[in-house]
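Take a look at the structure set out below.
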Amino acid sequence: MSAPASQADPTGQIPALDGLRAVSILLVMVSHAGLGHIVPGGLGVTLFFGISGFIITRLLLAELASTGGVALGAFYARRFLRLSPALLIYAACAGLAMAALGDPFRLGEWLAMLFYAANIWKLWGGFPDGALAPHPFGILWSLAVEEHFYLIFPALAVLLVRRGWFLPAMLLGCALSLGWRMV
């Protein structure tokens, strides 16, 4: 039974989505623990991306409906403040571990990691794997993909809503991505 509207979360947060995000992360962890042949980590990543896209779209549309616009600068500042502290702590820990193991400093790897371009760097053959483990920055490809979405989608969504093309464009995007996945 759901809570009455008067007791709804005033922030608009949907607690069930937090649970689904946890499940998506667990899927990735189980896959990385050597069970990828049973539980594909890509399923968890796809689920997480879908939930993130839904949440961001919902926030953008709510702001657009209530104010008539979207403060993109504030949006990007919130994204930066939410993600950068964890990224910098991870970079510091990984950097210390890499230095302790004698891994040479490679500027390109650090720039790709810090500027959310790990996915592109990885495609270009960056992040050489060590003898015992994958490169610690290689896993940041998914964060980079998500950041690219955050960079492009909000402005595009506002433009599409204002032109009345939002729903057709989203349906077309879903159909094209499904078609691409099938190929």
Carbon plus sulfur fraction of accessible area for the chain, probe 1.4 Å, in percent:
74
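Using the heavy atoms of the protein chains and a 1.4 angstrom probe, tell me the accessible area per residue for region 5-133 in square angstrom.
That works out to 64 Å² per residue.
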Calculate how steeply helix 72-100 sits against the longest principal axis of the alpha-carbon atoms of the chain, using the helix alpha-carbon long axis, and give the answer as 0 to 90 degrees to the nearest 10.
20
Can you give the angle from 0 to 90° between the axis of helix 166-182 and the longest principal axis of the chain, with both taken from C-alpha atoms, to the nearest 10?
40
Spin-label model distance (nm) - I89 vs A33, 7 Å beyond Cα toward Cβ:
2.2
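If each DSSP helix of 4+ residues adds -39,500 (n - 2.57) and the sum is divided by the residues in the chain, what number results at 222 nm, nearest 500 deg cm²/dmol?
Numbers: 7 runs with 126 residues, N = 183.
Here the helix-only value at 222 nm equals -23500 deg cm²/dmol.
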Run the numbers on the chain and let me know its relative contact order in percent, using alpha-carbon pairs under 8 Å that are six or more apart.
15
Placing each pseudo-label 7 Å from Cα in the direction of the beta carbon, A71 and H148 end up separated by a distance in nanometres of 3.0
How much length is gained if the chain between R162 and I14 is pulled fully straight, taking 0.36 nm per residue apart and subtracting their Cα-Cα distance, in nm to one decimal?
50.6 nm
Between helix 15-30 and the chain: long-axis angle, C-alpha atoms, 0 to 90°, nearest 10
20
Applying 1/(1 + (r/R0)^6) with R0 = 30 Å to the Cβ-Cβ distance of F80 and L172, what FRET efficiency is obtained, to the nearest 0.05?
0.50
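The values are calculated or read from the model by the stated rules, or taken from the named source; none is laboratory data. Just so it is clear, the structure is predicted and the values come from calculations on it, not from any experiment. As a convention, Cβ positions derive from the backbone with ideal geometry for all residues, glycine included, and neighbour counts pool all protein chains shown. What goes into the accessible areas is simple: the full protein's heavy atoms, side chains included, and nothing from ligands, DNA or RNA. Shrake-Rupley method; radii C 1.70, N 1.55, O 1.52, S 1.80 Å.
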